[in-house]
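Student: Sharing a structure below in structure tokens format, with a few things to ask.
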Amino acid sequence: MTMQRKILIRWTNDFLQLFYPDYCSGCGTLLVRGEDVLCLECLSDLPFTGFATERDNLVEQVFWGRVRIEHAMALCRFDKGNKLQHMLHRLKYKGDRETGRRLGQLLAHELKRSPNYNQLEGLIPVPLHPRREKTRGYNQSHVIAEAMSPILQIPVLNHYLIRQHHSETQTHKGRYERWENVNTLFDLLKPEELCGKHLLLIDDVVTTGATLEACASLLLEIPDIRVSIATLAFA
Ligand SMILES: [Zn+2]
């Protein structure tokens, strides 16, 4: 598809949304007044983990022995075929930023209720490679962080952690190879400005944790810094 065609389709979609009603991102039913992106049923069906207040939860365990994380959590469990998978697919591949915004808000409210996350000073979205961000039109982690920022009243620090090289597809690699590969992917700009801060790394999904580990390890080279992790889902 040519770039012009993509832009035209995006414009058309934006235009149509002005006149057509919204449908639930989880099940596709028509939303009623008061519902935002998700219908009440999908919202109450979300498989929340409760990890925000749970010490040594499964997401924290992912990073044990790998990198020193203060706190880590995921909002929901990611099961194959559940509605959340459908929502995250829309966020990542269908240009549906609204789903990212809504889930980001839910994530922020969950963190706000937990004493573990009340001393954060910056939200750092895991960066996407610029080429991929250009084709997708946005970085989904940044969309999530932007939605969280006003609720937590913490700024998004988007220009410190950057991605440098394009990685080949990592699906068929083992954890060590993958770590070696992702470890050269990120770089820090003006790290001295982050000294002494407690930062929250944000991504859509945590699976092996390799990407988040690489980001956290790099950030932890800064003196007197603390890093926590929050994602929408845990697979
Ligand atoms: Zn629904």
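Student: Residues of segment 181-196 being crowded, with 19+ Cβ neighbours inside 10 Å and under 24 Å from Ser149 (Cβ atoms), which ones?
Tutor: Result: Phe186, Leu194.
Student: So Lys83 ticks every box in (1) within 22 Å of Lys112 (Cα to Cα); (2) modelled with pLDDT under 95; (3) within 11 Å of the ligand (Cβ to nearest atom) but one. Which box is left unticked?
Tutor: Status for Lys83: all satisfied but (1).
Student: Pick out the one residue from Ile69, Ile7 that is away from the ligand (no atom under 16 Å from the Cβ) and more than 28 Å from Ile229 (Cα to Cα).
Tutor: Just one listed residue meets the conditions, Ile7.
Student: Considering only residues of segment 15-58 that are surrounded by 10 or more Cβ atoms within 10 Å (Cβ to Cβ) and modelled with pLDDT under 80, which is nearest to the ligand (Cβ to nearest atom)?
Tutor: Filtering segment 15-58 for residues that are surrounded by 10 or more Cβ atoms within 10 Å (Cβ to Cβ) and modelled with pLDDT under 80, the one nearest to the ligand (Cβ to nearest atom) comes out as Gln17.
Student: Additional query: Just the residues that are within 16 Å of the chain's Cα centre (by Cα) and outside any helix (DSSP H, G or I), please, taken from segment 105-122.
Tutor: Within segment 105-122, Gly122 is the sole residue that qualifies.
Student: Among the residues of segment 85-94, is there at least one that is under 14 Å from Val205 (Cα atoms), touching a Cys at 6+ places or on another chain (Cβ under 9 Å) and surrounded by 15 or more Cβ atoms within 10 Å (Cβ to Cβ)?
Tutor: yes
Student: Among the residues of segment 20-75, how many are among the aromatic types (Phe, Trp, Tyr) and touching a residue at least 24 places away in the same chain (Cβ under 8 Å)?
Tutor: The number of residues fulfilling the criteria is 3.
Student: Can you list the helices (runs of 4 or more DSSP H) lying wholly within segment 34-104 that have 3 or more residues being on the phi > 0 side of the Ramachandran plot and outside the structural domain of Asp203 (by TED's automatic domain parsing)?
Tutor: Once the helices (runs of 4 or more DSSP H) in segment 34-104 are filtered for at least 3 residues that are on the phi > 0 side of the Ramachandran plot and outside the structural domain of Asp203 (by TED's automatic domain parsing), nothing remains.
The values are calculated or read from the model by the stated rules, or taken from the named source; none is laboratory data. Remember, predicted model here, so these are calculated numbers, not experimental data. Neighbour counts run over all protein chains shown; Cβ positions are idealised from the backbone, glycine included.
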